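Visitor: Dumping the structure here so I can ask a few things about it.
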Amino acid sequence: MNIIIPMAGRGTRMRPHSLTVPKPLLPIAGKPIAQRLVEDIAGIAQQKIDNIGFVIHPSFGQDVEVHLKEVAAQLGAKGHVFYQEKALGTAHAIMCAGELLEGNCIVAFADTLFKADFRLDTSSDGIIWVQKVEDPRPFGVVKVDSDGHITDFVEKPQQFVSDLAIIGIYYFKEGDWLRREIQYLLDNDIKDKGEYQITNALENMKQKGAKFVPGQVDEWLDCGNKDVTVYTNQRYLEYIKDKELVAKSAKITNSVIIPPCYIGENVELYNSVIGPHVSIGDNSKIWDSRLENTIVQTNSQVKDLRAKNSMLGNYVIYEGRAKDLSVGDYNVVKE
């Protein structure tokens, strides 16, 4: 099986965190989003992963490319890097890795994570994973008949047709079929809302006899902006709370960790209360702070910070202001 991970977007909604680090490499419970995604896919696939193709922007840099190939190697697969210089739509992004579209394939866009408890049924022509949403207008959606087969693909409907939103993860029994249909879109300049869309290729496959079924995940986790990324970190820590999440090299002095928390290698904590739902990256140091539901990335230094629902990047230096107080009996002080 091959996996294709389109991840060339610049992540503008995640700025300033995506200015120096591509959004798919931002950490969730200590691992980059893209790594979490491919590990989860490998878990449901239950078969050997031969190739993993990452579609990135050329500006991501050599270090990113090396890291992505290492992620693939950890799963026993060969890693490939492909480039998408212009954002021309989902179908165009997939076609950048077109050489991997053969046989069993999974395509997963790297701005979403999921929680699922199932094994992949490879007998279907294709599986399109969906989730019910309150407002389907920002998404591609599917309509399903009484037999459980997908009858229609609609890209960002402005009038209600379905609340089953496509979450960006797809399985194809014959990847080369999808490649041919995307190539047809490109050759004939067939666009929807100005871009080459995978939903148009899926519709063509359906018209030629492909039977697609919806796949349902237990939870769909977005990583599109700071708030939802912090929430995704919280949910992931809950998923893996039974694992060892505090590195043995961490130095914890006069501090309390309220689980679940991820504490990376060589982290130092002094006179602080950390958690629940906090991830602290390697080599960061925290003094005299109270952190809850927060991500602190690598090599940062934080002092006198009280933070909740927050995200700090790499190499951050934050020094708050300690207070000298004298508060008498029966007073209430809120900040």
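Visitor: Which three extents, in whole angstrom, do the alpha-carbon atoms of region 241-334 cover along their principal axes, largest first?
Guide: 44, 29, 24
Visitor: Taking 0.36 nm per residue of sequence separation and subtracting the Cα-Cα distance, how much length would be gained by fully extending the chain between Gln216 and Glu70, in nm to one decimal?
Guide: This chain segment gains 49.6 nm when fully extended.
Visitor: With each label point set 7 Å from Cα along the Cα-Cβ vector, what nm distance links Val273 and Arg235?
Guide: In this crude spin-label approximation the distance works out to 2.8 nm.
Visitor: Count neighbours as other Cβ atoms within 10 Å of each site's Cβ, and list the trypsin sites (Lys or Arg not before Pro) in region 129-197 that are DSSP loop with at most 12 such neighbours.
Guide: Values: sites: Lys132, Lys143, Lys173, Arg179, Arg180, Lys191, Lys193; in loops: Lys173, Lys191, Lys193.
Those satisfying the criteria are Lys193.
Visitor: Counting only DSSP beta bridges with both residues in the chain, tell me the antiparallel percent, nearest 5.
Guide: Numbers: 24 of 72 bridges.
Given both bridge residues lie in the chain, the antiparallel proportion sits at roughly 35 percent.
Visitor: How far, in degrees from 0 to 90, does helix 226-239 lean away from the longest principal axis of the Cα atoms of the chain, to the nearest 10?
Guide: 90
Visitor: Could you tell me which of Val213, Ile167, Gly61 has its Cα farthest along the dipole of region 2-228 towards the positive end, charges placed at Cβ (Lys, Arg +1; Asp, Glu -1), taken about the Cα centre?
Guide: With unit charges placed on the Cβ atoms, the residue in question is Gly61.
Visitor: So which GluC sites (Glu not before Pro) in region 69-116 end up in coil per DSSP with only 14 or fewer other C-beta atoms within 10 Å?
Guide: Glu85
Visitor: Grab the Cα-Cα distance for Val256 and Leu88, subtract it from 0.36 nm times how many residues apart they are, and report the gain in nm with one decimal.
Guide: Stretched fully, the Val256-Leu88 segment lengthens by 55.6 nm.
Visitor: Taking a spot 7 Å from the Cα of Ile317 along the direction of its beta carbon, which residues of region 271-293 have an amide N less than 18 Å from it?
Guide: 283-288
Visitor: Leaving out ligands, DNA and RNA, what percent of the accessible area of the chain is carbon and sulfur, probe 1.4 Å?
Guide: Carbon and sulfur: 45 percent of the exposed surface of the chain.
Visitor: In addition: Calculate for the chain the 222 nm mean residue ellipticity that helices alone would give, adding -39,500 (n - 2.57) per DSSP H run of length 4 or more and normalising by residue count, nearest 500 deg cm²/dmol.
Guide: Numbers: 6 runs with 69 residues, N = 335.
Only helices count here, giving -6500 deg cm²/dmol.
Visitor: So, one more: Provide the net charge surrounding Ile286, with neighbours chosen by a C-beta distance below 14 Å and charges set as Lys +1, Arg +1, Asp -1, Glu -1.
Guide: Taking every other residue near Ile286 into account, the sum is -1.
Visitor: For the full complex of protein chains and a 1.4 angstrom probe, list Ser146, Ser162 by accessible area with the highest value first.
Guide: Ranked list, largest accessible area first: Ser146, Ser162.
Visitor: On to the next question. For Val246, enumerate residues with amide H under 5 Å from its amide H, sequence gap 5+ or separate chain, H modeled in the peptide plane.
Guide: Placed amide hydrogens put Ile263 under 5 Å from Val246.
Visitor: Starting from 0.36 nm per residue, how many nanometres of slack lie between Gln207 and Glu99 once their C-alpha separation is accounted for?
Guide: Details: separation 108, 0.36 × 108 = 38.88 nm, distance 2.41 nm.
My answer for the length gained is 36.5 nm.
Visitor: Round to a whole angstrom and tell me the spacing of the C-alpha centers of region 238-292 and region 115-174.
Guide: For region 238-292 versus region 115-174, the Cα centre distance is 38 Å.
Visitor: Under 20 Å from the 7 Å Cα→Cβ point of Asp187, by amide nitrogen: which residues of region 100-137?
Guide: Output list for this probe position: 100-103.
Visitor: Also, I was wondering about something else. Where does the charge balance sit around Gln131 when Lys and Arg score +1, Asp and Glu -1, over other residues with C-beta under 12 Å from its C-beta?
Guide: On the way: positive: Lys115, Lys132; negative: Glu134, Asp163, Asp218, Glu219, Asp222.
Its environment carries a net charge of -3.
Visitor: Taking the Cα atoms of the chain, report the difference between the largest and smallest coordinate on each principal axis, in whole Å and largest first.
Guide: Dimensions of the chain along the principal axes of its Cα atoms: 77, 43, 35 Å.
Visitor: How far is helix 198-207 tilted off the main Cα axis of the chain, in degrees rounded to 10, range 0 to 90?
Guide: With both axes taken from Cα atoms, the answer is about 30 degrees.
The values are calculated or read from the model by the stated rules, or taken from the named source; none is laboratory data. This structure is a prediction, so every number in the text was calculated from the model and none was measured. Every residue, glycine as well, gets a Cβ built from its backbone with ideal geometry; the counts of neighbours run over all protein chains shown. Calculation scope for accessible area: heavy atoms of the full protein, side chains included, ligands and nucleic acids excluded. Shrake-Rupley method; radii C 1.70, N 1.55, O 1.52, S 1.80 Å.
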